[in-house]
Structures are given as structure tokens and as C-alpha cells.
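Taking it in order: structure first as C-alpha cells, then the write-up.
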Amino acid sequence: MHRIIISKLILIFIGLFCLSGCGQNIPNDALPELLVSNDGIVISNFEDWENIRRPEILELFEKNVYGEIPNKEIDINYKLLKIDNDALDGKAIQKEIIATFSNGKESLEMNMLIFLPKNVKKPVPVFMGMNFYGNQTIHPDPNITITPSYVKNNEDFLITNNKATELSRGVRSHRWPIERILERGYGIVSIYYGDIDPDFDDDFQNGIHKLFYEDGEQPKPNEWGSIATWAYGLSKAMDYLVTDKDIDKNKVAVIGHSRLGKTALWAGAMDKRFAITISNDSGCGGAALSRRRQGETVKKINTSFPHWFCKNFHLYNDKEEDLPVDQHMLIGLIAPRPVYVASASEDQWADPEGEYLSLYHSGSVYNLYGLENLRSDTMPEVNQSQTIGNMGYHIRSGKHDLTLFDWEKYMDFADVQFN
Ligand code: GCU
């Protein structure tokens with residue numbers, strides 16, 4: 001008898017705890033207002049969104065989350081390093097474009113690896129995304145230039161002394177099903193993120209930062225962390241893509257996994273030339289709502305990766321409710337352009353439900369353009385993709401990764417959006 005009462009009490013306790021906001025569901029009114037301006041104007045049409053509220057939200061993200069790009073003239077030059085019209089056993093055209101960034105004193109090179117399908121009508125739509133260990137890791141093709149940039153050591157890939165070698169060719173090809181992408185009529189553009197900024201806390205002394213600051217000078221609290229530099233790299237790559245006659249500049253999808261998913265979202269928010277934005281398992285600081293505090297939190301991410309966001313973001317450690325934005329507003333910045341968010345069932349660190357809800361809550365901006373929102377705030381079943389209006393979502397079974405399953409869904413989405 002006693003036992004039954006105690007277990008009932010425990011159940012009631014758990015129920016009350018969850019209702020009181022153990023993080024599972026954030027009521028609508030706990031999120032910052034997407035459609036009310038800083039001066040309290042209610043935004044009810046897309047003109048007001050574009051003229052009033054969108055610029056405000058963009059600035060809030062710049063100043064409080066990712067950081068602003070410093071206002072300094074940098075010279076950028078694009079050069080064709082190689083072209084092979086008979087790459088990948090005759091299936092592809094391969095190009096490598098070197099973008100050289102220079103401030104007159106110092107320079108930095110970013111290598112854009114491009115594969116385009118052959119024997120299809122040009123210009124072609126492409127997916128562009130950054131990679132984690134160098135362009136040579138995305139395919140075993142021996143003609144891909146091995147990145148000369150700093151690379152994180154990795155025992156599995158036999159990368160030591162922070163230098164990539166032949167041994168790392170193709171080690172990440174499972175995330176880049178290039179032949180399949182080409183077969184479906186898409187091109188691929190990939191860039192090693194470390195070309196722009198090496199991913200470790202070096203006090204912002206190397207990478208692109210060294211072109212914008214004097215020796216020892218630090219970015220101001222509202223100026224860019226590494227995620228914003230990577231997004232800047234994608235935007236500068238886009239400056240080249242729009243000039244390449246083989247590529248359809250109106251059909252460039254920006255894609256990224258994990259920290260590079262955060263990067264893709266910020267790039268898609270800032271640069272309206274990206275026709276589709278795809279976030280794969282981007283989690284905290286990406287698609288997931290910060291206020292839920294599920295999995296990785298603002299404090300955890302700022303502690304493990306102090307260089308990713310601007311310094312102002314650290315003010316919100318354990319104070320998510322004080323943030324003037326949440327991540328549904330980041331997706332709102334992408335509207336009305338198509339956006340796809342994906343999660344993985346075993347990736348609770350990235351808070352799949354928070355990723356879904358953020359997409360769902362961005363829907364009010366899509367509505368301003370007469371586009372439909374996702375039907376409900378309940379996530380779809382595992383492995384069922386849900387696409388509606390200009391939004392897409394799926395939660396794949398399995399781990400934190402970018403798989404063929406994910407790619408097939410993104411290409412299905414692009415097939416519809418681009419035709
Ligand atoms: C860590 C980090 C995540 C990030 C991920 C990744 O897990 O905590 O925020 O998304 O690395 O980029 O792989």
C-alpha cells in the first residue's frame with residue numbers, strides 16, 4: 001500500500017517537474033517576439049518584415065551571437081588552379097579555385113573544390129558546404145589538392161603535427177556521396193573550413209583574423225568569432241560562384257553538418273544569394289532553441305569552444321532568457337527562401353526537438369509571404385521527412401552524422417524547390 005502511494009507520488013512529482021519547464025516545451029510566449037519590432041510595432045506584412053524587423057534581428061544576432069565582420073577593406077582574388085574535364089572516371093568536371101585574401105601585408109588562401117556533372121545541361125545547381133579535415137578527405141581521388149592549412153590531429157586519419165598527408169584521402173567520403181550527387185544532376189563545392197580559420201582558441205591571432213587586426217589585437221566583444229568567419233568564407237566563395245558560367249547562381253544550396261551546420265545557417269541568414277539553406281544536426285547555436293537548455297547549453301558551448309561566437313555571447317551563459325533572440329529568429333532571417341533542418345535520433349546533445357521547434361516557430365515569417373508552416377509542433381516520426389511550403393525537416397535514426405539518407409532528402413527537397 002505504502003509502496004503504491006510512494007510510486008504515485010514520484011510519478012506526480014515527475015509530471016509536475018516536466019510541466020514546470022524541465023525544458024521539453026517552451027511556451028510560445030517564452031520566446032522573444034519574432035514579429036514585434038524593438039519599438040513595439042506589430043509586423044503583419046512582408047514589407048514591414050523586410051524594412052523594419054529583419055534588419056533589427058540581423059543586427060541582434062551580429063552583436064550578441066555570431067559577431068560582426070570588422071569594417072576593413074580586404075582584397076580578394078580568384079584564380080583557377082586546375083580544371084579536369086574528365087575527372088572521376090569521366091563522370092565529372094573538376095575545378096579548384098584559389099581565393100586569395102589580402103590586406104596588402106598578409107594574405108590567406110582558400111581552396112574551393114568543385115565537381116560538376118558532365119553531359120548535363122549547364123548551368124547546374126550546386127550544393128556548397130565546408131568540410132572538417134581538408135578537401136582531400138571528401139573523396140579518394142588522387143587529383144584533389146591536399147590542404148596545406150593547419151589540420152587538427154586525428155589518430156584515425158593518421159594526421160599528426162597538424163598536417164594532412166596522402167593517408168587522409170577519402171577518409172570522410174561517407175559524408176560526401178559525390179558520385180550520387182552528380183548522378184542526380186547536382187554539382188558540389190567544398191571548402192576546408194580551416195583555410196579560413198583554424199578551429200582552436202588561438203586568441204584570434206591566425207586565420208582570416210590576422211588580416212583584419214594588428215598583432216595582438218583582439219576582436220571587439222561584438223565582433224566575429226570563428227563561426228562568422230567560416231560563414232564569411234562561404235559568402236566570398238559565392239562571389240566566385242556567381243561568375244562561373246557552368247553553375248546556376250540562382251540554385252546554390254548552402255549545407256553544413258554540426259558546427260558547420262551552425263555556419264550554414266548564419267551564412268544563409270546573412271547572404272540572400274543562397275537559394276536553399278540546409279542545417280544538418282547543427283544543435284546549440286544552430287537550429288536548436290537556446291532557451292530549452294537541452295543537451296548542449298550556451299554556457300557549455302562557450303566554455304568548450306570560446307572562439308566560436310562573439311564575446312558578447314558569453315554574457316548569456318546560464319542566462320538564456322536574457323538573450324534578445326532565440327534560434328527560431330535565425331531561421332526567420334532565411335525566410336521566404338527554402339530551409340531544411342535535420343536531426344538524428346541519437347544526437348540528443350543537439351536537441352532534435354529544439355531544432356524542430358525552432359523551424360516550427362520561424363513559420364510566422366513564412367506565413368507573411370503566404371507560405372505554409374509545418375502542421376504541428378509535434379515532430380514527425382523518425383525517418384519520415386516532412387516538407388511543406390518552403391520548409392523541410394526530418395529526424396533520421398542513428399547518430400550525429402551526415403549520411404546518404406540525409407543527402408537523398410536534401411536532393412529531393414532541392415528537386416522540388418529548383419524546378
Ligand atoms: C561538439 C559541439 C557541438 C558541435 C559538434 C560538431 O559536439 O559541442 O556544438 O555541433 O561538436 O561540430 O561536431
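Here is a check on your reading of the model: is Phe309 surrounded by 23 or more Cβ atoms within 10 Å (Cβ to Cβ), assigned to a loop (DSSP other than H, G, I, E, B), within 13 Å of the ligand (Cβ to nearest atom) and modelled with pLDDT of 95 or more? Answer is yes for this residue. Residues that are acidic (Asp, Glu) and either surrounded by 14 or more Cβ atoms within 10 Å (Cβ to Cβ) or in contact with a His (Cβ under 7 Å, 6 or more places away or on another chain) (or both) were ranked within the stretch 60-76; the one that is nearest to Pro32 (Cα to Cα) is Glu62.
Being at negative phi and not polar (S, T, N, Q) is the filter here; which residues of the stretch 289-307 pass it? Result: Leu289, Arg291, Arg292, Glu296, Val298, Lys299, Lys300, Ile301, Phe305, Pro306, His307. Set side by side, the residues Ile146, Ile114, Ile83, Ile159 differ, and just one is surrounded by 22 or more Cβ atoms within 10 Å (Cβ to Cβ) and touching a Lys or Arg at 6+ places or on another chain (Cβ under 9 Å), which is Ile114.
For the stretch 219-246, a tally of residues being assigned to a loop (DSSP other than H, G, I, E, B) and under 20 Å from Asn111 (Cβ atoms) returns 4.
Within the stretch 364-419, if we keep just the residues that are without any contact (Cβ under 8 Å) to a residue 24 or more places away in the chain and hydroxyl-bearing (Ser, Thr, Tyr), the residue that is surrounded by the most Cβ atoms within 10 Å (Cβ to Cβ) turns out to be Thr378. Taken over the stretch 1-44, the criterion of being in contact with a helix residue (DSSP H, G or I) (Cβ under 7 Å, 6 or more places away or on another chain), over 20 Å from Asp322 (Cβ atoms) and either modelled with pLDDT under 95 or exposed (fewer than 10 other Cβ atoms within 10 Å of the Cβ) (or both) is satisfied by Gln24 alone.
Taking the stretch 247-306 as the range and being more than 12 Å from the ligand (Cβ to nearest atom), buried (at least 24 other Cβ atoms within 10 Å of the Cβ) and part of a strand (DSSP E or B) as the test, the residues that pass are Ala253, Val254, Ile255, Ile276, Thr277, Ile278. Candidates in the stretch 74-103 are the residues that are closer than 19 Å to Lys122 by Cβ and among the acidic types (Asp, Glu); of these, the one that is nearest to the chain's Cα centre (by Cα) is Glu96. Taking the stretch 166-203 as the range and being in a loop (DSSP other than H, G, I, E, B), out of contact with any strand residue (DSSP E or B) (no Cβ under 7 Å at 6 or more places or on another chain) and farther than 12 Å from Ile138 by Cβ as the test, the residues that pass are Arg184, Asp197, Pro198, Asp199, Phe200, Asp201, Asp202, Asp203. Selection within the stretch 117-143: residues that are within 16 Å of the ligand (Cβ to nearest atom) and of a type in the set (S, T, N, Q). The member of this set that is surrounded by the most Cβ atoms within 10 Å (Cβ to Cβ) is Thr137.
Across the stretch 213-230, a minimum of one residue is classified as in contact with a Pro (Cβ under 8 Å, 6 or more places away or on another chain), within 16 Å of the ligand (Cβ to nearest atom) and touching a residue at least 60 places away in the same chain (Cβ under 8 Å).
The values are calculated or read from the model by the stated rules, or taken from the named source; none is laboratory data. Everything numeric here is computed off the predicted structure, so don't read it as measured data. Because the Cβ atoms are built from the backbone with ideal geometry, glycine has one as well, and the counts that use them run over all protein chains shown.
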